[in-house]
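All remarks here apply to the structure that follows.
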Amino acid sequence: GQLKVLRLGRPQPARPQFHERHQIFPLGYTARRRFHDLARLPPATCEYSCKVGEHAGLPSFVIAHPTEPGLCFKSSTATGAWHALVNRRARVHGVRPLNLTPAQMQLEGALFFGLAVPAVAQLIEQLPGAKSCEGFHPRYSRPEAMQKVPPLPKS
């Protein structure tokens, strides 16, 4: 579904739990993603908020329904929050659960939040402090990659 990034957030260079080798989870990152509305019958959709917060010093990934507080999915990973959302959809709407490998699930979770969308990832990589994240290796903002700017989403 459609993605709207509302806030890129702040990289946490001194906190390795907020980044991986090729991905940063900026504290305060906020986006909206259109997806199946779990409070209404298909084919209804709505915009879920996706946020990167903090809980007990670790990243917290939250996907929240716009009007139903009971439809809030929290995890220590984007994948965990996304997986909880799609599993609930499978139960509520009676669709088959997705059969994905762990690597596919990790990518889908990051894509749902927008963190693995190339245009968004490039913007995050250019935020102040991003290049100081220990062990992080940018994919899209390296000098040799500047000629290969990722395409913007069509929407």
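Here the chain is assigned +1 on the Cβ of each Lys and Arg and -1 on the Cβ of each Asp and Glu. Its dipole about the Cα centre then comes out at about 260 debye. Computed with a 1.4 Å probe over protein heavy atoms only, the accessible area of residue 111 comes to about 50 Å².
Restricting attention to the chain, lysine pairs at least eight places apart or on different chains and with alpha-carbon atoms under 27 angstrom apart total 9.
Ordered by 1.4 Å accessible area with all protein chains kept, 47, 134 run largest first as 134, 47. Heavy-atom accessible surface of the chain, averaged per residue, reaches 57 Å², computed with a 1.4 Å probe. Counting only protein heavy atoms and using a 1.4 Å probe, what share of the accessible area of the range 36-129 belongs to carbon plus sulfur, as a whole percent? Ligands and nucleic acids excluded, carbon and sulfur give 58 percent. Accessible surface of residue 32, taken over heavy atoms with a 1.4 Å probe and every protein chain present, rounds to 100 Å². With the charge dipole of the range 29-142 set up from +1 on Lys and Arg Cβ and -1 on Asp and Glu Cβ about the Cα centre, the Cα lying farthest toward the positive end among the listed residues 70, 97, 111 is that of 97. Of 30, 67, 101, the residue with the greatest mean-square motion in the GNM of the chain, using alpha carbon springs below 10 Å, is 101. If only the Cβ of Lys and Arg carry +1 and only the Cβ of Asp and Glu carry -1, the dipole of the range 13-66 around its Cα centre is close to 100 debye. For the pair the range 1-74 and the range 94-141, the centres of their Cα atoms are 12 angstrom apart.
The values are calculated or read from the model by the stated rules, or taken from the named source; none is laboratory data. Nothing here was measured: the structure is a model prediction, and the numbers come from that model. Here the Cβ is made from the backbone with ideal geometry for all residues, glycine too, and neighbour counts use every protein chain on show. For accessibility, only protein heavy atoms count, side chains too; no ligands or nucleic acids. Shrake-Rupley method; radii C 1.70, N 1.55, O 1.52, S 1.80 Å.
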